[in-house]
Amino acid sequence: MGFLKFLVVVMAFWSWIWIWLAPTPANAQNSGRKVVYFGVGSVAGVYYPTGGAISRLMDKGRRAREHSIRCALESSEGSVENVLALGTGQFDVALVQSDVQAYAYDGTFGFQKTGPQKSLRSIFALQAEALTIVVRANSPIKSFDDLKDQRVSLGERGSGHRETMELLFKHYGWDEGLENANVYLNPRLASEALCAGKLEAYSFIIAHPNATVQETANLCPIRLIPLNTPQIQKFLAERPYYPTTTIPSGLYRGEPQSVPTFGPRATLLTTESLPVETAYQFAKTVYENLETLNNAHPALTSVKRGDLLLSLTAPLHPGAERYFREIGLIK
């Protein structure tokens, strides 16, 4: 019994030593340690399992002694928060929508106050995402034009889909209604509010199929709003980082039709201060294990190797560029 008590004390002591010595997100890169703080999104979204899948692949390479990088997954409210956390050093790498990446790098839209984030660097792109607007099946809302003065959840503050919805509202000239008519809920809470009649619509940018939309369809009959009006076509013509896409038919109960929409890509973003070898290993790991990543989540199924360099506004990190040149993806 005395030995067990001694063992517990020793283990507690070494746990305290590890916590004391372990680098914090802000100083991880400068400490020389191989801990990479990886910003993802909320647990209800796709970025969290996507980041988890990448982290598991990196961990597999670490156990095989291909590198010594350990990922520490960090949840967040989404792309905007992730970019800001990259700038402060809280995160080393983060998943960010390609449109938010463009705004941050150029210092436009939501990043006018912070200014251009020219230290941002891309590692690769992943799945295409779709701006998705969900309404009750019996709703009179048929198109984006009908959302004016309706109670809509635009998404959490700090999320990329909120930025996109606000940009669309401003494009339509609905600036004044942003704060009055709308709320900022995470998708899970918005789903419950929609079916309870407290909202007329909720929106978020996701890859499909999506568990939250499926849960909404199980709570109440729903429809997805097509986003292909002339006003939206004009909006897209000015923003090439928003390719058009289609939500396939039959994914959700009560929605038998395919739905035209648009959206960014998910991208893995970092800054110029990330070590070259670390970015190299991230690019190498995902490229060489893409089939495993495809099977990690339904949203990742369609990602192909040729997609890894799409929709990147920030320059490639030198480490990622070195790897993609080695394999001939960049000439």
(Q) Starting from 0.36 nm per residue, how many nanometres of slack lie between Val183 and Glu288 once their C-alpha separation is accounted for? (A) 33.6 nm
Q.
Quick check on my link table: of Lys60/Lys304; Lys148/Lys170; Lys234/Lys304; Lys118/Lys284; Lys170/Lys234; Lys113/Lys234, which ones sit more than 18 Å apart, alpha carbon to alpha carbon?
A. Lys60/Lys304; Lys234/Lys304; Lys118/Lys284; Lys113/Lys234
**Q.** Residues Cys220, Cys71, sorted so that the one with the fewest Cβ neighbours within 10 Å comes first
**A.** Cys220, Cys71
Q: Among DSSP beta bridges lying fully in the range 130-262, give the percent that are antiparallel, nearest 5.
A: 75 percent
Q | Loop-resident sites, the range 128-177, for trypsin sites (Lys or Arg not before Pro), counting at most 12 other Cβ within 10 Å (DSSP) | A | Lys142, Arg157
Q) Taking the Cα centre of each part, how many Å lie between the range 118-178 and the range 186-221? A) 14 Å
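Between Leu73 and Gln150, what FRET efficiency follows from the Cβ-Cβ distance if R0 is 30 Å, with the result rounded to 0.05?
0.25
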Q) In whole Å, how far is the Cα centre of the range 247-302 from that of the range 89-104? A) 15 Å
Q. Under 5 Å between amide H atoms, partner at least 5 residues away or on a different chain: which partners does Cys71 have, H built in plane at 1.01 Å?
A. Val36
Q | For the range 130-262, Kirkwood radius (reciprocal of mean inverse C-alpha pair distance, Å) | A | 14.7 Å
Q: For the chain, go through all pairs of different Cα atoms, get the mean of 1/r, take its inverse, and jot down that Kirkwood value in Å.
A: 21.0 Å
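Run through the range 222-331 and list the GluC sites (Glu not before Pro) located in a DSSP loop whose Cβ has at most 16 other Cβ atoms within 10 Å.
Counting only loop positions with at most 16 other Cβ atoms within 10 Å, the GluC sites (Glu not before Pro) in the range 222-331 are Glu238, Glu272.
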Q | Highest-fluctuation residue, Val40, Val135, Val83 considered, GNM on the chain with Cα pairs under 10 Å | A | Val135
Q: Please list the helices of the chain that count as membrane-span-like by this rule: a mean Kyte-Doolittle hydropathy of at least 1.6 together with Cα atoms stretching 27 Å or more along the helix axis, each helix being a complete DSSP H run.
A: 2-21
Q | Cysteines without a disulfide-compatible neighbour (Cβ-Cβ under 4.7 Å), the chain | A | Cys71
**Q.** Computed FRET value (nearest 0.05) for Asp59 with Asn138, which takes r as the C-beta separation and R₀ as 41 Å
**A.** 0.30
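We did not get these values from a lab; they are worked out from the coordinates using the rules stated. Because the structure is predicted, anything quoted here is derived from the model rather than measured. So basically every Cβ, Gly included, is an ideal-geometry build from the backbone, and we count neighbours across all protein chains shown.
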